[in-house]
1. Among the candidates L24, L18, L31, L51, which residue alone is of a type in the set (A, V, I, L, M, F, W, C), out of contact with any Leu (no Cβ under 6 Å at 6 or more places or on another chain) and exposed (fewer than 10 other Cβ atoms within 10 Å of the Cβ)?
2. Run S60 past the list (1) touching a helix residue (DSSP H, G or I) at 6+ places or on another chain (Cβ under 8 Å); (2) closer than 22 Å to I130 by Cβ; (3) hydroxyl-bearing (S, T, Y) and report the number of the one that doesn't hold.
3. How many residues, within the range 54-97, are closer than 17 Å to L113 by Cα, surrounded by fewer than 16 Cβ atoms within 10 Å (Cβ to Cβ), within 18 Å of the chain's Cα centre (by Cα) and of a type in the set (A, V, I, L, M)?
4. Checking the condition under 27 Å from T133 (Cβ atoms) and of a type outside the set (D, E), which residue from G76, G28, G41 passes?
5. Which condition from (1) touching a Phe, Trp or Tyr at 6+ places or on another chain (Cβ under 7 Å); (2) polar (S, T, N, Q); (3) over 30 Å from M134 (Cβ atoms) is the one that T16 breaks?
6. Name every residue in the range 9-62 that is in a loop (DSSP other than H, G, I, E, B) and either in contact with a strand residue (DSSP E or B) (Cβ under 6 Å, 6 or more places away or on another chain) or β-branched (V, I, T) (or both), in order of residue number.
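What follows draws every value from the coordinates through simple rules; no lab data is involved. All of these numbers come straight from a predicted model, not from anything done at the bench. With ideal geometry, Cβ positions are generated from the backbone for all residues, glycine too; neighbour counts draw on all protein chains shown.
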Amino acid sequence: MMKCSSGKQTNRSGLTLLEVMISLAILGTSLAAIGELIRIGADAADRATELTTAQFLCDSKLAEIKSGVLPADSVGPIPFEIFETEEPWEYMVLVDSVDDQGLLLVEVTVSQLREDGRPPARVTLTTWMIDPTMDSEADALESEAAAEDAAADSGGTNG
């Protein structure tokens, strides 16, 4: 209701069209910003999942090399078998001799194979391990020494 007086003051009870339009613009901008934040969060969650998968696959290959299931040789890139992962991943192994004492530097890199143009997830793990060939040679030398000792002991008791 309007009240007219000599000063022509009006009381209004409600919002003008301009105030409603400004409020809607602020709401729309806020919703767009929130939607973008949700998209960024979803992309970050996908990336974290991919990096975690790469970490597990890399750790698995490194354990296979350390346990002797796979040879400690430089190979790759080699795709993972279908029973290891359903998604396309590949691994590469670099092995380098650290010193002449039988120590190896083993580096395993796991990479995601992508076709959508996004950067692939890639994880590299590095460890030192005893050269399995040196370990086998040491076992062979110990076996020979034990056989010689046994032969010497049996030869000493017979004669």
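1. Values: L24 fails: exposed (fewer than 10 other Cβ atoms within 10 Å of the Cβ); L31 fails: exposed (fewer than 10 other Cβ atoms within 10 Å of the Cβ); L51 fails: exposed (fewer than 10 other Cβ atoms within 10 Å of the Cβ).
When all the criteria are applied, what remains is L18.
2. For S60, the failing item is (1).
3. Of the residues in the range 54-97, 1 are closer than 17 Å to L113 by Cα, surrounded by fewer than 16 Cβ atoms within 10 Å (Cβ to Cβ), within 18 Å of the chain's Cα centre (by Cα) and of a type in the set (A, V, I, L, M).
4. Details: G28 fails: under 27 Å from T133 (Cβ atoms); G41 fails: under 27 Å from T133 (Cβ atoms).
Unique residue meeting the criteria: G76.
5. All conditions are met except number (1).
6. Restricting attention to the range 9-62, the residues satisfying the condition of being in a loop (DSSP other than H, G, I, E, B) are 9-16.
If the condition is that a residue be in a loop (DSSP other than H, G, I, E, B) and either in contact with a strand residue (DSSP E or B) (Cβ under 6 Å, 6 or more places away or on another chain) or β-branched (V, I, T) (or both), then T10, T16 are the ones that fit.
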